[in-house]
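Below: the structure, in structure tokens.
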């Protein structure tokens, strides 16, 4: 695919997630897909693995919203920088629902072949996420004096 097509692919996938149209999203995931995320305990494999991962995410954050900040494409790869918001209403990464709002940055790197995602990696500011959920406390930085 041309790089402009890969950018459109990413935009359409995020639009499908924001509208909760998982079937449309999954139709563009290859059976051989392998994905990784710091909060997934193992590799996410195939359409069914992606479905399970996304359904868990949406159960945890039913009002999840993804805003595209930047998309870059090179060859078969597309990198999407995003702002993610939501409210923690269901169990996520072993954390019971807190009712707290989240707002964080994330970045996905997806390899696309023949119009379908075959490999993906999500990088997210999980330290901020876990701080906002109240399960991580980081020391405040001291200013140089």
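Where a number appears in this text, it was derived from the coordinates with a stated rule and is not lab data. All figures in this text were calculated on a predicted structure; none of them were measured in a lab. Note that we place each Cβ from the backbone using ideal geometry, even for glycine, and neighbour counts take in every protein chain shown.
Numerical summary
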quantity	calculated
Exposure proxy order (Cβ contacts within 10 Å, fewest to most) of 125, 31	31, 125
Estimated 222 nm signal from helices in the chain, with DSSP H stretches of n ≥ 4 weighted -39500 (n - 2.57), rounded to 500	-9000 deg cm²/dmol
Fraction of antiparallel bridges per DSSP, the chain only, in percent to nearest 5	85
Gyration tensor (Cα) of segment 73-122, equivalent ellipsoid semi-axes in angstrom	30, 13, 7
Gyration tensor (alpha-carbon) shape descriptor, segment 1-65, a/c threshold 1.5	oblate
Cα→Cβ-extended label distance, 7 Å offset, between residue 23 and residue 98, nm	3.6
Label selected from (i) 12, 44, 33, 11, 0; (ii) 11, 40, 33, 12, 3, 0; (iii) 11, 38, 33, 15, 2, the criterion being P(r) over Cα pairs in 10 Å bins from 0, in percent as computed here	(ii)
